[in-house]
Amino acid sequence: MTRLAGIILLLFWLPTAWGKTPVFEVEIRDHLFHPEEIHIPANTKVKLVLYNRDATPEEFESYELNREKVIMGGRKANIFIGPLEPGTYPFFGEFNPKTAQGRVVVE
Amino acid sequence: MLLSSVILILREVLEAAVLVSVLLALSRSLGQGLRWVWWSLPLALVGSLWFASSMDTLTDALDGAGQEVANAALQVLVFVCTVVVVFIEGVWSPRLGLMMRLVMACAISLALIREGSEIWIYVSGFAAVPDLRAAVLTGSSMGAGIGISLGVLLYSSLRALPVAWQRPACLALLALIGAGMVMQASMLLEQVDWLEAGEALWDSAALVSEGSISGELLYAVFGYEATPSPVQGALYMASLVAMVTAYYSSRFLRKRLNEQ
């Protein structure tokens, strides 16, 4: 029984230990992304952690990345992207599209 | 801010309006009237307010996947409702009227909870900023107005079709809307790494950009993606197969029942 529990635990632990997904952090301040440009490796899944430092909500949106997520004021949100071909993938804040513009550069 | 508000709210309203218009047109052509649509409003209102106000805790739930999982669940449930609608239409008899109206009201409530919560979050977030209030409220009303008008236009167009075409046209649109919902749900699950994304099947962004007006319209009806992942593509096809199965199995069943 304990062995079975051990195997099950191992099965849950292994993917997290092996699949070391690179993490990239982006901040939203005054309806701007910091940094505006994120460089990520090609053909690799990465995790974006977005911190919304504004009091107002924002929606991370990208047609090219097929991503869309609401980030409430003062909160953070995770978004996985990739594996992607090399290129430039723009994203924007749907609630402030005039200022909140950024891009993911895959290289 | 005015123009951004118009576009944002229009996008959200349009997605819901397409589904509502098709269901209303189908209901009318089955002689079920339109009054049942009011049943769905209290649930949609309470649901979207609750959804919006718990977005903070929801986002952090399930190790940061809560928002996506909840939205995906809503979309899959709308899809299930549309399959049931297609099935009931296939075995149709006026005795099934109440059931049909209930399932349709359910589909609309669920769709409005998702779209409505985003509108609440946006409007309540920015209308609280005194400098922006007027622009946000005016822009949102305009966006909602345009979205609802387009919905009315779709409804009237469906109703203006020759009678023999009305039901097939509604069902075909419903199948596409349902499959689009499943595809959006799979995108959300890829976003939180619950589904493996994989590389895009194709890139039709040069042909129809998702950000263009035609792209937005295609998105609202078909769940159009310029760069779908293999999982999205597969689930889209599977949803269409489920719809076609519901369509033919219900007709087969009805024929058998009529023979007895």
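Throughout, read-outs are computed from the coordinates displayed, never taken from laboratory work. Given the structure is predicted, the values throughout are model-derived calculations rather than measurements. Here Cβ is always computed from backbone atoms with ideal geometry, including for glycine, and neighbour counts include all displayed protein chains.
Placing +1 on the Cβ of every Lys and Arg and -1 on the Cβ of every Asp and Glu, with nothing else charged, gives the range B:108-216 a dipole about its Cα centre of roughly 740 debye.
Measuring nothing but alpha carbons in chain B and taking Rh as the Kirkwood radius, the Rg to Rh ratio lands at 0.98.
Couplings 3J(HN,Hα) of the range B:152-165, computed from phi: 4, 4, 5, 4, 5, 5, 5, 5, 7, 5, x, 3, 5, 8 Hz, in residue order, whole Hz [Karplus 6.51 cos²θ - 1.76 cosθ + 1.60, θ = phi - 60°; x for Gly and Pro]. Dipole size of the protein assembly as shown about its Cα centre, with +1 on Lys/Arg Cβ and -1 on Asp/Glu Cβ: approximately 1780 debye, rounded to the nearest 20. Rg and Dmax, both from the Cα atoms of the range A:21-106 and both in Å, are 11.8, 35. Need the C-alpha centroid separation for the range A:67-107 versus the range B:97-151, integer Å. Each part reduced to its Cα centre gives a spacing of 24 Å. Think of each Lys and Arg Cβ as +1 and each Asp and Glu Cβ as -1; about the Cα centre, that makes the dipole of chain B roughly 1780 debye.
Taking the empirical scaling 2.2 N^0.38 Å for compact globular proteins as reference, the protein assembly as shown has a Cα radius of gyration ratio of 1.05. Principal-axis analysis of the Cα atoms of chain B puts helix B:66-90 at an angle of about 20° to the longest axis.
Residues considered: B:V91, B:V46, B:V163. Largest GNM mean-square fluctuation over chain B, using C-alpha springs under 10 Å, is found at B:V163. Just to be sure I understand: with springs between alpha-carbon atoms less than 10 Å apart, which residue in B:Q184, B:Q166, B:Q232 has the highest mean-square fluctuation in the Gaussian network model of chain B? Highest fluctuation of the listed residues: B:Q166.
Using the Karplus relation 6.51 cos²θ - 1.76 cosθ + 1.60 with θ = phi - 60°, the per-residue 3J(HN,Hα) values for the range B:187-200 come to 4, 5, 6, 5, 4, 10, 6, 7, 10, 6, 6, x, 8, 4 Hz, with x marking Gly and Pro.
Couplings 3J(HN,Hα) for the range B:243-260, derived from phi with the Karplus relation 6.51 cos²θ - 1.76 cosθ + 1.60 (θ = phi - 60°), are 5, 4, 4, 4, 4, 6, 5, 5, 5, 4, 4, 5, 5, 4, 5, 5, 5, 6 Hz, where x marks Gly and Pro.
The distance separating the Cα centre of the range B:21-81 from that of the range B:179-229 comes to 20 Å. Near A:F24, the amide H atoms lying under 5 Å from its own belong to A:K47, A:L48, A:V49; only residues 5 or more places off or on other chains count, and H is placed 1.01 Å from N. Annotation: lysines with alpha-carbon distance below 17 angstrom to A:K45 (same-chain offsets under eight excluded): A:K20. In degrees, nearest 10, range 0 to 90: what is the angle between the Cα axis of helix B:213-222 and the longest Cα principal axis of chain B? Helix B:213-222 and the main axis of chain B meet at about 50 degrees.
Beta bridges from DSSP with both residues in the range A:21-106: antiparallel share about 70 percent, rounded to the nearest 5.
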